[in-house]
Amino acid sequence: MSRVREGALAVGAPAVVGVAAVVLWQATVTGLGIAAYVVPAPADIATELAANLQVVATAAFGTARNAALGLLVGTVAALVAAGVSAAWRLAADAANPLVTATAVVPIVCLAPVFYTMFGTDAQTARVVVAAIAVFVPVYVNTLRGLRTVAPVHRDLLRAHAATPWQATRHVTLPGALPFFFTGLRVASSLAVISALVAEYFGGPVDGLGKAITSAVASSRYALAWAYVVGAVVTGLVFYAVTTLLERLPDAGGSPSARR
Amino acid sequence: MSAVVATGVGRVFGPAGGAGGTVALSDVDLTVAAGELVSLIGPSGCGKSTLLRLVADLDTPTSGSLTVFGKTPARARADQDYGIAFQQAGLLPWRSVQANVELPLQLHGASRAERAARAAELLALVGLTDFAGHRPDQLSGGMQQRVAIARALARWPRLLLMDEPFGALDEMTRERLQDELLKIRAETGAAVVFVTHSIPEAVYLSDRVVVMTPRPGRVVADLEIALGSPAERAARGIALREDPAFFERVSTVREALHAGEAGLPARDRGAAGAPDRAGR
Ligand SMILES: Nc1ncnc2c1ncn2[C@@H]1O[C@H](COP(=O)(O)OP(=O)(O)OP(=O)(O)O)[C@@H](O)[C@H]1O
Ligand SMILES: [Mg+2]
């Protein structure tokens with residue numbers, strides 16, 4: 001199959017499905033006369049979105065900023081921690097129960113505690129929630145990557161009398177990169193979800209979570225859904241950016257290039 | 001000076017010195033002269049890879065002594081006296097073909113220009129000049145193996161250790177790479193220790209074939225092949241593969257291999273340092 005046709009199909013097929021779903025949705029809502037508080041029609045949502053684009057964008061930006069900051073802080077912390085754990089077995093073993101606990105507990109449930117801790121008029125609690133949510137997948141995946149060195153590569157470097165630092169630089173780090181990016185991709189969605197949901201538990205009145213709550217409270221259901229659209233777009237942007245990062249020529253090539 | 005001298009080398013895995021351990025090698029004597037190509041052949045699990053790893057200082061013997069160019073294997077490794085090619089090509093997938101060949105030079109501080117020049121030379125030697133910029137996953141298995149051999153040669157080693165480098169290849173590719181190896185050897189003059197499962201391959205490539213028994217691995221026969229110098233052999237190619245003298249050597253090796261497997265005292269079984277030499 002030609003590249004162009006393949007590309008057209010990759011974009012076209014989901015687009016057709018998406019359009020069909022929206023049409024079906026519109027037809028169902030208008031045909032059955034479903035009330036707006038149950039599900040508003042896509043056309044109404046689109047109208048609200050167009051009328052309030054500025055407001056929705058501002059709210060999305062507020063949430064995105066917290067998510068991005070949390071993603072950055074959580075990723076840096078996870079990389080440092082994974083480096084320490086890879087170099088020092090004891091650190092990994094010591095951190096293990098804590099990481100497992102963090103992985104099984106939805107971190108947003110700590111949001112009320114963090115608001116009390118960092119103040120309800122600051123964004124800090126939301127950033128912290130996002131950062132912790134991000135930490136786990138990045139840490140776990142990166143550490144696995146750092147520990148996964150093919151025996152043949154280990155032998156190769158030893159045979160060539162490479163120093164430990166050379167082995168790290170030329171084999172361990174590049175080999176761990178795809179694992180890191182897998183973690184980062186998962187983390188990017190988690191960052192947005194966590195930052196948004198944390199807004200439901202308090203804090204300043206900005207961001208998508210707060211906007212959805214107040215739109216529903218004032219019975220503006222279509223507007224609430226317009227904010228949801230904003231949340232979907234924000235999540236997609238985060239996912240797309242982290243996915244593109246991996247494709248950068250010097251980021252270690254395509255994931256399919258590995259084993 | 002001999003490239004490799006092993007005297008009474010043993011390797012026991014697991015609990016040292018006895019019960020429960022796996023005796024991979026026992027009392028192995030082996031001498032590889034400088035510039036000589038010696039094949040190790042024997043049934044699966046007889047310790048061929050283990051022996052090669054001991055020479056390469058990727059592992060240490062539990063008994064006996066081993067020298068590489070008169071030094072300890074550790075010293076020889078530090079001095080980069082040998083190059084090694086594994087059964088898996090073991091290329092770094094995130095590096096280009098050229099950068100893979102350059103790795104050993106890069107690890108030892110060669111300048112960018114030196115590296116590029118040497119890589120170009122080696123890629124020409126293995127016939128992959130046009131693929132310098134490719135990624136390993138864009139190459140066939142045989143091409144990857146050639147890159148691995150080029151990489152092993154990067155620092156002009158006096159000894160080349162090869163563990164079934166052609167094991168995963170089809171017969172045609174295999175024969176072509178064998179010819180290439182003979183050519184490379186004629187050009188570099190390096191000693192080669194070559195592990196293989198293939199009797200014809202061993203006979204075609206080698207000056208000497210060393211036959212090993214199943215576990216615990218021991219040397220049962222040390223056979224002189226004497227089918228001409230590497231350059232002569234490479235030049236004869238297919239004619240040599242069809243020469244009756246070639247088949248005769250193949251039979252000799254096969255008999256030694258089967259005798260060793262059956263645990264019979266092979267007629268070529270030699271005492272250490274004084275192996276009987278088959279052939280003319
Ligand atoms: N790291 C190890 N730990 C324990 N036992 C090992 C180890 N490496 C090898 N052995 C054992 O030593 C024996 C010899 O293994 P080796 O890989 O040297 O055989 P081989 O002759 O290379 O076999 P093949 O032809 O299948 O590659 C085997 O019985 C194997 O199980
Ligand atoms: Mg082996």
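The values are calculated or read from the model by the stated rules, or taken from the named source; none is laboratory data. What you are looking at is a predicted structure, and each value in this text was computed from that prediction instead of being measured. Positions of Cβ are generated from backbone atoms using ideal geometry, with glycine treated the same way; all protein chains shown enter the neighbour counts. Accessible surface areas use protein heavy atoms only, side chains included; no ligands, DNA or RNA. Shrake-Rupley method; radii C 1.70, N 1.55, O 1.52, S 1.80 Å.
What do you reckon, is A:A195 under 22 Å from the mean Cα position of the chain (by Cα), crowded, with 19+ Cβ neighbours inside 10 Å, farther than 30 Å from B:Q80 by Cα and aliphatic (A, V, I, L, M)? If you could, list the steps in order and put the result at the bottom.
Numbers: under 22 Å from the mean Cα position of the chain (by Cα): yes; crowded, with 19+ Cβ neighbours inside 10 Å: yes; farther than 30 Å from B:Q80 by Cα: yes; aliphatic (A, V, I, L, M): yes.
Against the criterion (under 22 Å from the mean Cα position of the chain (by Cα), crowded, with 19+ Cβ neighbours inside 10 Å, farther than 30 Å from B:Q80 by Cα and aliphatic (A, V, I, L, M)), A:A195 qualifies.
When B:R53 is tested against (1) open to solvent by 50 Å² or more (accessible area, probe 1.4 Å); (2) at pLDDT below 90; (3) within 14 Å of ligand 1 (Cβ to nearest atom), only condition (2) is not met. The set of residues from region B:16-29 being within 11 Å of ligand 1 (Cβ to nearest atom) and either of a type in the set (D, E) or open to solvent by 40 Å² or more (accessible area, probe 1.4 Å) (or both) comprises B:T22, B:V23.
Condition check: over 28 Å from B:S2 (Cα atoms), in contact (Cβ under 8 Å) with a residue 24 or more places away in the chain and either over 22 Å from the mean Cα position of the chain (by Cα) or open to solvent by less than 20 Å² (accessible area, probe 1.4 Å) (or both). Does B:A119 satisfy that? Criteria met by B:A119. Filtered by the rule that a residue be in a helix (DSSP H, G or I), charged (D, E, K, R), surrounded by fewer than 23 Cβ atoms within 10 Å (Cβ to Cβ) and within 14 Å of chain A (Cβ to nearest Cβ), region B:123-171 gives a lone residue, B:D137. What about A:T47, is it open to solvent by less than 70 Å² (accessible area, probe 1.4 Å) and among the hydroxyl-bearing types (S, T, Y)? Taking the combined requirement at face value, the residue does not satisfy it.
Would you call B:Q80 within 16 Å of ligand 2 (Cβ to nearest atom), open to solvent by 10 Å² or more (accessible area, probe 1.4 Å), in contact (Cβ under 8 Å) with a residue 60 or more places away in the chain and within 14 Å of chain A (Cβ to nearest Cβ)? Spell out the reasoning first.
Numbers: within 16 Å of ligand 2 (Cβ to nearest atom): no; open to solvent by 10 Å² or more (accessible area, probe 1.4 Å): yes; in contact (Cβ under 8 Å) with a residue 60 or more places away in the chain: yes; within 14 Å of chain A (Cβ to nearest Cβ): yes.
Criteria not met by B:Q80.
Only a single item in (1) modelled with pLDDT under 85; (2) exposed (fewer than 13 other Cβ atoms within 10 Å of the Cβ); (3) closer than 25 Å to A:L184 by Cβ; (4) not charged (D, E, K, R) is not met by A:Y37, and it is number (3). For region B:6-15, a tally of residues being assigned to a strand (DSSP E or B), away from ligand 2 (no atom under 16 Å from the Cβ) and open to solvent by 10 Å² or more (accessible area, probe 1.4 Å) returns 3.
Every residue, every condition in (1) within 14 Å of chain A (Cβ to nearest Cβ); (2) within 13 Å of ligand 2 (Cβ to nearest atom); (3) open to solvent by less than 10 Å² (accessible area, probe 1.4 Å), yes or no:
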| residue | (1), (2), (3) |
| --- | --- |
| B:V4 | no, no, yes |
| B:T31 | no, no, no |
| B:A34 | no, no, no |
| B:C46 | no, yes, yes |
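Being within 14 Å of chain A (Cβ to nearest Cβ), part of a strand (DSSP E or B) and either under 17 Å from the mean Cα position of the chain (by Cα) or within 12 Å of ligand 1 (Cβ to nearest atom) (or both), is that true of even one residue in region B:58-76? There is at least one residue in region B:58-76 that is within 14 Å of chain A (Cβ to nearest Cβ), part of a strand (DSSP E or B) and either under 17 Å from the mean Cα position of the chain (by Cα) or within 12 Å of ligand 1 (Cβ to nearest atom) (or both).
All of (1) open to solvent by less than 30 Å² (accessible area, probe 1.4 Å); (2) within 15 Å of ligand 1 (Cβ to nearest atom); (3) in contact (Cβ under 8 Å) with a residue 60 or more places away in the chain; (4) within 14 Å of chain A (Cβ to nearest Cβ) hold for B:Q87 with one exception: (1). At least 1 residues being within 16 Å of ligand 1 (Cβ to nearest atom) is the threshold, and among the helices (runs of 4 or more DSSP H) wholly inside region B:186-264 those reaching it are B:199-205, B:244-261.
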